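Structure first, commentary second.
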Amino acid sequence: MAINLVKGQKIDLTKGRSSLSSIMVGLGWDPVETKKSGGFLSGLLGGGGGGADIDCDASVIMLDENGKLKGKENLIYFGNKKSKDGSVVHSGDNLTGEGEGDDETINVDLKRISPSIHRLVFVVNIYNARQKKQDFGMIQNAFIRLVDNQSKEELVHYNLTENYAGKMSLIPGELYRQGNEWKFSAVGEGTMDADIGSIANKYA
């Protein structure tokens, strides 16, 4: 049974799970529905009837022991779907976020992650957010979950329940190495960064 986390909570994924080697990281979101031309939701969306597709992109920033991004090959996104060591594989781009379940998935083979990589930061940002005047106040039901690829058991589920209006990127969570164990932290942080490059530069 999955452990439901709250913001700031951390969990040891591999302790007591010696067989855990590969996980699926699922990220999901839905556009806020606009049922009326006026009222609360219209105000939330900044005026007129919304309903425009919001293209969110999931990415992974792979960091070394000093928290630094060493090379573009350690940035996994729709333009670079597989890490150099083959440990992180992106499922591809979902353009709308409509429908049930995961919108984008990333497979992580914990055993194949290069020893030089100590932290995996998961990011979701809105594509062309600034040009489209879109932000995460237009998104609801955002979550990140981790599933054991072998047993298909959902290990962790974290619903991002804060109001992220005005934010163009989210960092829902991160995997990090501590000794021989891998842990997960529910971060739930929103940023004003309009694209994944801006976020990646912070770790350069």
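Figures for the structure shown
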quantity	calculated
Approximate spin-label separation Gln178-Asn201, in nm, with each point projected 7 Å along Cα-to-Cβ	3.3
Label zone at Asp12 (point 7 Å along Cα-to-Cβ), backbone N below 15 Å, region 147-176	176
Dipole magnitude (debye, nearest 20) for region 3-201, charges at Cβ of Lys, Arg, Asp, Glu	480
Pair Ile3, Ala165: separation of 7 Å Cα→Cβ label points (nm)	3.4
Residue of Gly71, Gly188, Gly28 that the Gaussian network model of the chain assigns the largest fluctuation, springs spanning Cα pairs under 10 Å	Gly71
Distance (nanometres) between label positions extended 7 Å along Cα→Cβ at Lys152 and Ser22	1.5
Sites excluded, GluC sites (Glu not before Pro) in DSSP loops with at most 15 other C-beta within 10 Å, longest stretch of the chain	101-152
Rounded if a/c under 1.5, otherwise prolate or oblate - the chain, Cα gyration tensor axes	prolate
Cβ-derived FRET efficiency at R0 22 Å, Arg112 paired with Glu65, nearest 0.05	0.80
For the chain, built as a Gaussian network whose Cα springs stay under 10 Å, the top-fluctuating residue of Lys81, Lys183, Lys152	Lys152
Theoretical ellipticity at 222 nm over the chain - DSSP helices of four or more residues, -39500 (n - 2.57) apiece, nearest 500	-1500 deg cm²/dmol
Within straight-line cross-link reach of Lys81, lysines at Cα separation under 28 Å, skipping those fewer than 8 residues along the same chain	Lys7, Lys10, Lys68, Lys70, Lys72, Lys111, Lys132, Lys133, Lys152, Lys167, Lys183, Lys202
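All of the numbers you see were taken from the coordinates with simple rules; none came from a lab. Treat the numbers as computed from the prediction; the structure is a model and nothing was measured. Glycine also receives a Cβ, built like all others from the backbone with ideal geometry; neighbour counts cover every protein chain displayed.
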